[in-house]
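Right, one structure below, let's go through it.
The values are calculated or read from the model by the stated rules, or taken from the named source; none is laboratory data. Here the structure is a predicted model, which means the values were calculated and not measured. Please note: Cβ atoms are built from the backbone with ideal geometry, for glycine as well, and neighbour counts cover all protein chains shown. Note: accessible area is taken over every heavy atom of the protein model, side chains too, but ligands, DNA and RNA are not part of it. Shrake-Rupley method; radii C 1.70, N 1.55, O 1.52, S 1.80 Å.
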Amino acid sequence: TTEIYTLSLHDALPISALYGILEAQLGPVLVLPGVRLDYYGLSGEVLVQPRLTARWKVLPKTVVKAGVGLFGEPPQAQDLLEGIGNPDLEILSSWQYSAGFEQTLADGLTLDVTGFYKTLNNLVTRSDDRAELLANQGEGRVYGMEVLLRQTVTSRLYGWIAYTLMRSERRDRPGEAYRIFDLDQTHNITVVAQYKFTPTWEAGLRWRFVTGNPSTPVVGANLDADTGEYVPVFGASNSARLDAFHQLDLRVDKHWIFDTWRLTTYLEVQNTYNRQNPESTEYQYDYAASAPQAGLPIVPSLGVRGAF
């Protein structure tokens, strides 16, 4: 038999929120305390989220900064459906901490370094109690640092280099060992540059490098005599990774400027050097061999845009 579950819009009330922030200048220190109040219509819960940010200008070209705050989001709507989920699931919450500095290196050139740590609470996982199906018994942590080298707008050049080093881990039950998230990315690098040759001609590029997504490897297979099919034997969860992703995108813009509006045509080429970025792994029928499945090849596009 097939059971059909529905979620009506009457039940799925939107999230309502109020947010307030104060600004206080205490000598060289700028303090920004704030609070956000969320009402989640589907679960009927209210979450008060205090937050605090501070910036201290220790030198004319150096700013030290720090922040802490509570952030929340409701469970997925389908996870709250009785019969396939648990209507009593609670709000997912995260305490987030950050600290770092901003340094002006030259006119228009700044360096921004930030370390961060997040705790993830009330993650939804399968429950050991088959009657409730799902429970808020998971927890996680995310930590790392971000580095941003930025050239602000000059008469011709604009761009930045951003690098993130991160580790994201979770566990489904207290006491279990942590494992990495399905979309954990250790290294993430983005390079963006835009150069204006004339008031009407400009060109830009974006290059990205990202550590490959985690994957659970197949370490063997058993033949099911009843069906004649091979059943895979999986290794440790997320103990392998796909190859790294990297891609170069190029774009050229031409502007026609009129009295009251502007017309722009552009040519954009994504994945310029046709990198075969793996998105998944395809296995042979008996799992004795495998091959990566690549994403999109080189993709050119031509566009026109008007602005009034």
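With respect to T272, determine if the residue is outside any strand (DSSP E or B) and surrounded by 10 or more Cβ atoms within 10 Å (Cβ to Cβ). Before you say what the answer is, go through the steps one by one.
Values: outside any strand (DSSP E or B): yes; surrounded by 10 or more Cβ atoms within 10 Å (Cβ to Cβ): yes.
Here the answer is yes, as T272 does meet what is asked.
Looking at the range 108-128, which of its residues are crowded, with 16+ Cβ neighbours inside 10 Å and not in a strand (DSSP E or B)?
Correct list: S127 only.
Six or more apart or on different chains, Cβ atoms under 6 Å: show the pairs whose first residue is in the range 141-157 and within 24 Å of F181 (Cα to Cα) and whose second is among the acidic types (D, E).
That search, which allows pairs on different chains as well, returns R141/E169.
Go through the range 275-299 and give me each residue that's open to solvent by 40 Å² or more (accessible area, probe 1.4 Å), under 28 Å from the mean Cα position of the chain (by Cα) and in contact (Cβ under 8 Å) with a residue 12 or more places away in the chain. Break it down into steps so the answer makes sense when it comes.
Here is the first cut: in the range 275-299, the residues open to solvent by 40 Å² or more (accessible area, probe 1.4 Å) are 275-276, 279-285, 287-294, 296-299.
Narrowing the set further to residues that are under 28 Å from the mean Cα position of the chain (by Cα) leaves 275-276, 279-282, 291-294, 296-299.
R275, Q276, E279, S280, T281, P292, Q293, A294, L296, P297, I298, V299 - these are the residues of the range 275-299 that are open to solvent by 40 Å² or more (accessible area, probe 1.4 Å), under 28 Å from the mean Cα position of the chain (by Cα) and in contact (Cβ under 8 Å) with a residue 12 or more places away in the chain.
Residue-wise test of (1) of a type in the set (G, A, S); (2) more than 27 Å from R179 (Cβ to Cβ).
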| position | (1), (2) |
| --- | --- |
| V231 | no, no |
| L242 | no, no |
| F245 | no, no |
| T265 | no, yes |
| Q270 | no, yes |
| Y287 | no, no |
| S301 | yes, yes |
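In the range 240-297, how many are of a type in the set (G, A, S) and modelled with pLDDT of 95 or more?
Filtering the range 240-297 down to residues of a type in the set (G, A, S) leaves 240, 244, 280, 288-291, 294-295.
Remaining after also requiring modelled with pLDDT of 95 or more: 244.
The number of residues fulfilling the criteria is 1.
Restricting attention to strands (runs of 3 or more DSSP E) lying wholly within the range 1-69, give those where 2 or more residues are open to solvent by less than 40 Å² (accessible area, probe 1.4 Å) and either modelled with pLDDT of 95 or more or closer than 30 Å to D79 by Cα (or both).
The qualifying strands (runs of 3 or more DSSP E) are 29-40, 45-59.
Quick check on my filter: what residues within the range 21-40 are over 25 Å from the mean Cα position of the chain (by Cα) and either among the charged types (D, E, K, R) or under 30 Å from L80 (Cβ atoms) (or both)?
Within the range 21-40, just E23 meets the criteria.
Search the range 88-105 for residues that are more than 11 Å from F71 (Cα to Cα) and pair each with any residue that is open to solvent by 50 Å² or more (accessible area, probe 1.4 Å) and not in a strand (DSSP E or B) when their beta-carbon atoms are under 6 Å apart and the residues are at least 6 apart or on different chains.
Once the first residue is more than 11 Å from F71 (Cα to Cα) and sits in the range 88-105, its partners that are open to solvent by 50 Å² or more (accessible area, probe 1.4 Å) and not in a strand (DSSP E or B) give T104/K61.
Keeping to the range 70-107, report how many residues are open to solvent by 60 Å² or more (accessible area, probe 1.4 Å) and not in a strand (DSSP E or B). Step through it out loud before you land on a result.
As a first pass, look at the range 70-107 and keep what is open to solvent by 60 Å² or more (accessible area, probe 1.4 Å): 71, 73, 76, 78, 82, 84, 87-88, 90, 95, 97, 101, 105, 107.
Of the ones still in play, those that are also not in a strand (DSSP E or B) are 76, 78, 84, 87-88, 90, 107.
So the answer is 7.
Checking the condition modelled with pLDDT of 95 or more and either open to solvent by less than 80 Å² (accessible area, probe 1.4 Å) or not in a strand (DSSP E or B) (or both), which residue from A131, A162 passes? Don't jump to the end; show me each part of the working.
Numbers: A131 fails: modelled with pLDDT of 95 or more.
The unique qualifying residue is A162.
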